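Engineer: Supplied in structure tokens, the structure appears directly below.
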Amino acid sequence: MARTPLDRIRNIGITAHIDAGKTTTTERILYYTGKSHRIGEVHDGNTTTDYMDQERERGITITSAAVTAVWNDVRINVIDTPGHIDFNIEVNRSLRVLDGAVFIIEGVAGVQPQSETNWRLADRYNVPRIIFINKLDRTGADFYRAAATLTEKLGINWIALQLPIGIEDTLKGIVDLVTMKALIWEGDELGAQYHEEEIPDDLKEKAAEYRQLLLDTALSVDNAAMEEYFDKGDVSIETLKRCIKRGTIDGTFRPVFCGSAFKNKGVQPLLDGVVDYLPSPIDIPGIRVALEEGEEEGQNPDRRVIPAKEDAPFAGLAFKIINDKYGNLTFVRVYAGVLKSGDTVMNTTKGHKERVGRMFQMHADKREEIKEVSAGDIAAFVGLKDTGTGDTLADQSDMVVLERMAFPVPVIDISVEPKTKEGVEKMTLGLQKLAGEDPSLRLRTDQETGQTILSGMGELHLEIIIDRLKREYGVDAHIGAPQVAYRETITKSHTEIYTHKKQTGGSGQYAEVKITFEPKERTTGIEFVNGTTGGSVPREYVPAVEKGIKVQADTGVLAGFPTVDFKYSLIDGKYHDVDSSALAFEIAAKACFREGMKKAGPVILEPIMDVEVTTPQDHVGDVVGDLNRRRGVIQNQEMAGTSVLVRAHVPLKEMFGYISSLRGMTKGRASFSMQFHHYDPVPRNVADEIMKASA
């Protein structure tokens, strides 16, 4: 397969809130680019990118599927990402390796919570993006109101490149504000042709107004374009497109497109927009190398950037692992250089060599074998032994480590036990493989009960994992009721001295440690400082102290939950020439933690969720009252069409089974979504309940 020139590659993601139409839009893109000869529909369960059984049964996207398509001689690698908050990790890692994104906003509801979350993620990774306001054929759709939510919810500077002609069941086309022509589709059916005509009279004034806004905003990024405008009173289409592309890439503004993917209106112009305005790998600076140990973001402005070049040492980032019938597939975004199957590279994150077996270009779950990959490509590698999500693969001549990914905190636990003794090994292997694929899934063994505890992002996330465990690994398991993933922390500093002394026949055990425990800000993790002087604790025993506390921190002093966000400093200690050992210091550190933490104002933390309920107006009072009873704090209420959006922060503990009670009080007319927001100390009465239950 001939290499595609770098300027003719687009690596894009399609992302949105659940049910805004991402997968439908992706299906249309595949159809119009000739990759699919039939069109899949989410409601028929036969889409290309939703290829897992669980996705087709539920009509949702769970994993981000990679597909490759060609439009106007440009190769577009598309990743369709999930909208459900439980699978936010998929969006996170996709945005991390993409050069551009299409954000789909629902034409009725406008910007919804998951769109906000994904938008902030895209901000974190500086991903250029264009916006497609979809579902304008639906009852209650309003392009201008949906666009206004871009300002209200996201606070962004957006410019319309299109306006709809008609709305709801009269939607028939769009006004293209770049060419100032109307595009009219000849029917709703798939593959319907469209033609250009003059802008309808009733839209001429509005089109002129929005065209002026477009010119004022877009031309401000380019002095030569401004001069052309002042000289001639207008600019050429080429000049305008150049300005829009520049502003899109540097984030000065966000272009807005519109249409209805389901009714096949607006998809081809959206594809033109991807090609015209989103960057190729060489339109952006490249990927930065990772921060050094202890280095803060922004501290080192000269941090090295790896530009997209084929004639450079190989550098790529593994962003996704899939175990399927063909074996272990590692998805890699190639940033620089060329790699051939059979080559050996370094996993610079873990410090070992990996030999690359076969390589595939993916079309969802179908694949096409390729012999080499080069800068700008996204491909799946087979045969990597120990490469995880976020690991860097690099040439041995330039062993760079690329910027890492941030992963969310799991907030919900379930216990998993196989129904048969034979199932233990299969279950352990299956869960390890699933956790290898999904960094937002955590596994641990409860020290007291010996049970396997699975931690995930939500009930649906864990339900899918258990379903996959059964279907893919043949493990039937007893599943405990979902439990809140509580944490413990401390609220004040305390210094504790502990002496571990044990005398038996022969040599004894001796170690004394003096450790100061201090609280840290929420979500900053655990930090160790060795503050000893004069060899009071020999250097070879210090790692044992650090390890002892880290191990013990998995079991807090109040109710046995992991302890987080504290700093511990070893400031002094004593040892014995004969009786001291690393084990003795580890035991002393563990006991020092158990004693010291009790005196440092320990508290239990609970996950607080950002909940958004969409309800008809006549049920707002019931919904708000119910959220207040659940210890919720109402953040705001606003109109969205004929419905009301109620946003609140509610403890996760109070949200179990919420859907059935919400349906009951609103006669099935309300819906809700929630995502993790932060951890907060639990009230005293709730803490007493939790401690009693764990005793």
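Engineer: Please list the non-local residues whose amide H lies under 5 Å from the amide H of Asp391, H modeled 1.01 Å from N, same-chain partners needing a gap of 5 or more.
Structural biologist: Ala318
Engineer: Near the amide H of Asp572, under 5 Å away, which other amide H atoms are found, from residues 5 or more places off or on another chain, if H is placed in the peptide plane?
Structural biologist: Amide H neighbours of Asp572, under 5 Å, 5+ apart: Lys514.
Engineer: Using a basic spin-label model with each label point 7 Å from the Cα along Cα→Cβ, how many nm lie between Lys520 and Leu443?
Structural biologist: 2.7
Engineer: With a 1.4 Å probe and all protein chains left in place, how much accessible area per residue does segment 93-241 have, in Å²?
Structural biologist: 41
Engineer: If you fit an axis through the alpha-carbon atoms of helix 223-232 and take the longest principal axis of the Cα set of the chain, what angle between them do you get, 0 to 90°, nearest 10?
Structural biologist: The answer is roughly 20 degrees.
Engineer: Could you work out how far helix 582-598 tilts from the main Cα principal axis of the chain, as a 0 to 90 degree angle to the nearest 10?
Structural biologist: For helix 582-598, the angle is close to 70 degrees.
Engineer: Once you have a ≥ b ≥ c as the square roots of the Cα gyration tensor eigenvalues for the chain, tell me rounded if a/c is under 1.5, and otherwise prolate or oblate according to whether a/b is larger than b/c.
Structural biologist: Prolate, because a/c is 1.5 or more and a/b exceeds b/c.
Engineer: How big is the gap, in Å, between the Cα center of segment 122-138 and the Cα center of segment 193-229?
Structural biologist: Spelled out, the Cα-based centre of one part sits 21 Å from the other.
Engineer: What is the gain in length, in nm to one decimal, between Glu198 and His478 on full extension, counting 0.36 nm per residue of separation less the C-alpha to C-alpha distance?
Structural biologist: Stretched fully, the Glu198-His478 segment lengthens by 94.3 nm.
Engineer: Summarise the accessible area of the chain (1.4 Å probe, protein heavy atoms) by the percent that is carbon and sulfur.
Structural biologist: Answer for the chain is 48 percent, counting heavy atoms of protein chains only.
Engineer: Related question: Calculate, in nm to one decimal, what Asn530 and Lys371 gain on full extension: separation in residues at 0.36 nm each, minus their alpha carbon distance.
Structural biologist: 52.2 nm
Engineer: Using the heavy atoms of the protein chains alone and a 1.4 angstrom probe, what is the accessible area of segment 450-585 per residue in square angstrom?
Structural biologist: With the other protein chains kept in place, segment 450-585 gives 48 Å² per residue.
Engineer: Over 25 Å between Cα atoms, which of Lys514/Lys599; Lys550/Lys599; Lys547/Lys599; Lys433/Lys567 qualify?
Structural biologist: Numbers: Lys514/Lys599 14 Å; Lys550/Lys599 18 Å; Lys547/Lys599 21 Å; Lys433/Lys567 33 Å.
Listed pairs above 25 Å: Lys433/Lys567.
Engineer: Using 19 Å as the cut-off for backbone N distance, which residues of segment 512-526 belong to the label zone defined by a point 7 Å from the Cα of Asp579 along Cα→Cβ?
Structural biologist: Flagged as within label range: 512-514.
Engineer: Using only DSSP helix segments of four residues or longer, with each worth -39500 (n - 2.57), what per-residue ellipticity at 222 nm results for the chain after dividing by its residue count and rounding to 500? Show your work: numbers first, answer last.
Structural biologist: Values: 16 runs with 192 residues, N = 695.
Counting only the DSSP helices, I get -8500 deg cm²/dmol.
Engineer: So how much slack lies between Lys419 and Ser507, counting 0.36 nm per residue of separation and subtracting their Cα-Cα distance, in nm? Display every interim value, and only then the final one.
Structural biologist: Working: separation 88, 0.36 × 88 = 31.68 nm, distance 4.61 nm.
Answer, rounded to one decimal: 27.1 nm.
Engineer: So which lysines can Lys172 reach, going by Cα to Cα under 23 Å and dropping same-chain residues fewer than 8 places off?
Structural biologist: Output for Lys172: Lys22, Lys135, Lys181, Lys204, Lys206, Lys263, Lys265.
Engineer: In nm, to one decimal, how far is the modelled label at Thr252 from the one at Thr179, with both set 7 Å along Cα→Cβ?
Structural biologist: 2.5
Engineer: In degrees from 0 to 90, rounded to the nearest 10, what is the angle of the helix 267-277 Cα long axis to the longest principal axis of the chain?
Structural biologist: 70
Engineer: GluC sites (Glu not before Pro) within segment 200-300: which are DSSP loop residues with at most 15 other Cβ atoms inside 10 Å?
Structural biologist: Glu292, Glu293, Glu295, Glu296, Glu297
Engineer: Right, something else. Could you give each residue of segment 679-693 its phi-based ³J(HN,Hα) in whole Hz, using Karplus coefficients 6.51, -1.76, 1.60 with θ = phi - 60°, and x for Gly or Pro?
Structural biologist: 9, 9, x, 7, x, 4, 5, 5, 4, 4, 4, 4, 5, 5, 5
Engineer: If you add up the charges near Lys653, with Lys and Arg at +1 and Asp and Glu at -1, over every other residue whose beta carbon is less than 11 angstrom from its beta carbon, what do you get?
Structural biologist: -1
The values are calculated or read from the model by the stated rules, or taken from the named source; none is laboratory data. Since the structure is predicted, the reported quantities are computational estimates derived from the model, not experimental observations. Cβ coordinates were reconstructed from backbone atoms using ideal geometry, including for glycine residues, and neighbour counts include every protein chain displayed. Heads up: the accessible areas ignore ligands, DNA and RNA and are worked out on the full protein's heavy atoms, side chains in. Shrake-Rupley method; radii C 1.70, N 1.55, O 1.52, S 1.80 Å.
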